[in-house]
Amino acid sequence: MSKPAPRTVRLKRLAALVERLRKRAGLTQAEAAELIGVNRTTWIAMEGAKSSPHRGNVLSVIEKLGASDDEAQELLALAVKPRDPAWMRPLRGRIPDRYGEYIDLESGALSIKSWEPSLIPGLLQTERYTRAHAYSGLPESSEEQIEARVTARMRRQAAFVERGAPLWAVIGEAALHYQVGGRDVQREQLARLLDASDEPNTTLQVIPFSVGAHPSMMASFAVLSFGDGDPPVVYVETPGGDLFLEEPDDLNTFRGIYGHLQATALSPADTRGLINQTIRDIERRAVRNGPRVAVAQE
């Protein structure tokens, strides 16, 4: 049974079909908008994949622009907004729209390849690490908004594990050393990475400081792959806002970068060794005795 296309992919496909019908009819955007009884802004939003169109407007497009039976069926299927998972509904309005859009994408991904130069990937973070990073990294957010993010991240992890989709995570060594939330949280987070590296659907690699310069030292990104003919989507986090890239040239660029990152990084086995060594170094530097993290067998 096929799943609904993720929101960004779905709207792009719908927009392309609407644009094709309009051009085939020889109409401008203003003329098409007038023909189906909406303003030009509404048409531009529909053709620009900015929002989910009302079903009535889709039916008018089908009728007025002469869509074939196959085109009509596809338009109606694409116009159905995917239902949020039950756990997401209380969080709508409390997390940013772009983060919600990423969760929509992630929930439909058959596999994810992520790169983080200085942060533990969200799907592998402990709750205490997530909360500490959110309070430090989002100073303008309210406590309610931060706790909503923490809840969303923990629920995302549970949903991803339940689906059993493969995750390949490459991280920079800096992510192992930042004491996000303090030494105890850092040790707990590193132990979580060791556990994750044992999971059958998770591949973890670290790029050590010793390699020097390498591709994509700055921006973090993820390549999300889907089935049923939907193209992959690259999600890029930037200080100026998050980007969703779907053009073939962009996909080829980021696939190439990810291949270089995988080739540059330590093997999964050597990655475990480095994490274990980092835990031992933390223990040796600890000023006070405390709960020790069990070091896995290398």
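Each reported figure results from applying straightforward, stated rules to the coordinates on display, with no laboratory input. Please read these numbers as outputs of a predicted model, since none were measured by experiment. Neighbour counts run over all protein chains shown; Cβ positions are idealised from the backbone, glycine included.
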task = May I ask for the distance between the Cα centers of the stretch 10-40 and the stretch 231-246, given as a whole number of Å?
result = 26 Å
ask   = Highest mean first, what order results for 106-114, 67-75 on Cβ atoms within 10 Å?
value = 106-114, 67-75
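Looking at the chain, send over the antiparallel percent of its DSSP beta bridges, to the nearest 5. Each step should come with its number before you reach the end.
Working: 13 of 25 bridges.
Given both bridge residues lie in the chain, the antiparallel proportion sits at roughly 50 percent.
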key: Approximate spin-label separation Ser136-Glu34, in nm, with each point projected 7 Å along Cα-to-Cβ   = 5.9 nm
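Is the shape of the chain rounded, prolate or oblate, going by the alpha carbon gyration tensor and its root eigenvalues a ≥ b ≥ c, with a/c under 1.5 for rounded and a/b larger than b/c for prolate? Working shown, then result.
Values: a/c = 2.68, a/b = 2.18, b/c = 1.23.
Prolate shape, in that a/c is at least 1.5 and a/b is the bigger ratio.
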inquiry  = If you fit an axis through the alpha-carbon atoms of helix 143-163 and take the longest principal axis of the Cα set of the chain, what angle between them do you get, 0 to 90°, nearest 10?
reply    = 90 degrees
note = Amide H proximity to Asn201 below 5 Å, modelled H, separation 5+ or other chain, gives none
request  = Any chance you could count the Lys pairs in the chain whose alpha carbons are under 15 Å apart, treating pairs 8 or more apart or on different chains as valid?
outcome  = 5
